[in-house]
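All remarks here apply to the structure that follows.
Quick note: the coordinates plus some simple rules give every number you see, no bench work behind them. Note that the coordinates shown come from a computational prediction; the quantities given were computed from them, not determined experimentally. No Cβ is skipped: glycine too gets one built from the backbone with ideal geometry, and neighbour counts run over all protein chains shown.
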Amino acid sequence: MSRKSWQKDKEKRQKWMQFMQEFNPQIDPQTIRLMDELGYVSRAIYHMGGQSVEEAGLSFAQYRVLMHLFFAEQMGERAELNPSEISDRQGVSRNTMSSFIRNLEEEGLVER
């Protein structure tokens, strides 16, 4: 992030803090500031993780499916998994999930 961009973000955060305190003076500014900073860090980590996953040749959606399958298997839920169940848990359509799984199968990353 450039210094100019960082300064612009800082100004936005300050305006947000002012708005929140006008909205409700009892709001603790330190708590709001911490929430804001944690959100910023979280987005940065999410972005870096997405780039790393893409460099590995996966879309972030494929990564999420693989992660879900891995943890389900670790928890002994493998027999219960089917594309419909996974799509419900991931919040995507069944057609989309079937496409994700088919692509992962073609890449040799999962087996049905």
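Tabulated data for the structure shown
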read-out	value
Odd one out for residue 56 among (1) under 23 Å from residue 103 (Cα atoms); (2) surrounded by 12 or more Cβ atoms within 10 Å (Cβ to Cβ)	(2)
The listed residue being part of a helix (DSSP H, G or I) and either without any contact (Cβ under 8 Å) to a residue 12 or more places away in the chain or more than 18 Å from the chain's Cα centre (by Cα) (or both), out of 88, 36	88
Unmet criterion (only one of (1) loosely packed, with under 14 Cβ neighbours inside 10 Å; (2) within 20 Å of residue 9 (Cβ to Cβ)) for residue 36	(1)
Candidates 30, 21, 14 - the one that is of a type in the set (S, T, N, Q), more than 21 Å from the chain's Cα centre (by Cα) and exposed (fewer than 11 other Cβ atoms within 10 Å of the Cβ)	30
Filter result (in a loop (DSSP other than H, G, I, E, B) and surrounded by 13 or more Cβ atoms within 10 Å (Cβ to Cβ)) within the stretch 59-76	59
